[in-house]
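Everything on this sheet refers to the single structure shown next.
The values are calculated or read from the model by the stated rules, or taken from the named source; none is laboratory data. From a predicted model like this one, the values you see are computed outputs, not experimental measurements. Positions of Cβ are generated from backbone atoms using ideal geometry, with glycine treated the same way; all protein chains shown enter the neighbour counts. Heads up: the accessible areas ignore ligands, DNA and RNA and are worked out on the full protein's heavy atoms, side chains in. Shrake-Rupley method; radii C 1.70, N 1.55, O 1.52, S 1.80 Å.
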Amino acid sequence: MSMGIISFLALSVFFSQVPQGQTGCAEVDSMTEAVAGESFLLGCISCKKRAEVPGSAIVDWHFKPAGTEEFIHIFQYEYPFPTILHENFEGRLDWQGTMWTKDVQIGAISINNVTYNDTGTYRCTFHRTLYLSMTEEQVIINKEVELTVVEKANPELATVISEIMMYVLIVVLQLWMIFVLIYCYKKIYAENEAREARKAARSQNKFIDSKDPCDGVYLE
């Protein structure tokens with residue numbers, strides 16, 4: 001997996017831990033520097049303002065090569081089918097966005113085997129329909145990514161990615177510690193319960209052994 005994909009996914013995981021009032025959805029900007037010959041994730045997130053409102057979305061990607069003025073339509077995702085629409089990207093684009101639902105909020109795609117010709121402006125467009133109680137509302141959201149293709153990764157970018165992965169690791173370790181604490185608590189509780197049961201059984205046996213065998217016997 002390329003550094004661009006790792007970084008975007010890491011950011012998505014990290015910021016989803018932060019309360020946003022949008023049930024974990026956070027609009028994280030895409031990375032903008034790809035390495036020639038590797039894969040790169042074009043990030044695009046559009047969170048609904050009201051998560052409880054059902055909706056659906058179609059995502060389109062357009063590309064304007066560097067030095068040109070017109071956008072070309074290169075990709076469309078309409079649940080559940082991704083479609084590559086331009087021959088220059090045939091076999092090189094993969095859907096990395098929301099799966100298993102029409103209510104798409106992540107519209108990311110990955111470019112495989114990046115070339116210098118992929119330098120330019122990418123426009124991600126959400127065509128969202130919100131199903132309100134009395135009517136339907138149509139919303140269009142555009143986001144742009146200025147992509148630069150380099151021969152090898154910028155060392156500063158690698159440092160940023162390392163820091164991001166460090167924060168992700170911290171979150172994972174915290175979750176693991178919580179799991180261990182819960183497990184230990186349950187184990188100690190079960191041992192205490194068993195110990196108390198054994199004490200109760202011993203006390204009962206002592207009571208039975210100490211009882212006068214003549215109790216309940218009466219002379220006539």
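Of interest is the spacing of the C-alpha centroids, which for segment 150-190 and segment 71-115 amounts to 30 Å.
With all protein chains in place and ligands, DNA and RNA left out, the 1.4 Å accessible area ranks T125, T119 as T119, T125, largest first. Between Y185 and T101, residue separation times 0.36 nm minus the direct Cα-Cα distance comes to 26.4 nm. Sorting F179, F75 by accessible area puts them as F179, F75; the probe is 1.4 Å, largest comes first, and only protein heavy atoms count.
Dipole size of segment 41-140 about its Cα centre, with +1 on Lys/Arg Cβ and -1 on Asp/Glu Cβ: approximately 340 debye, rounded to the nearest 20. In terms of the mean number of neighbouring beta-carbon atoms within 10 Å, the peptides 50-63, 184-197, 78-91, 32-45 order highest first as 32-45, 50-63, 78-91, 184-197. In nm, give the distance between the simple-model label positions of V172 and F71, each being 7 Å from the Cα along the Cα-to-Cβ direction. Here the answer is 3.6 nm between the modelled labels.
Annotation for N112 and E137: the two label points, set 7 Å from Cα along the Cα-Cβ direction, are 3.9 nm apart. Each label was represented as a point 7 Å from its Cα along the Cα-to-Cβ direction; for N205 and E144 these points are 8.4 nm apart.
An oblate overall shape is assigned to segment 98-190, the ratio a/c of its alpha-carbon gyration tensor axes (a ≥ b ≥ c) being 1.5 or greater and a/b not exceeding b/c. Working ranking of peptides 109-118, 165-174, 94-103 by packing, defined as the average number of other Cβ atoms within 10 Å per residue, highest first, is 109-118, 94-103, 165-174.
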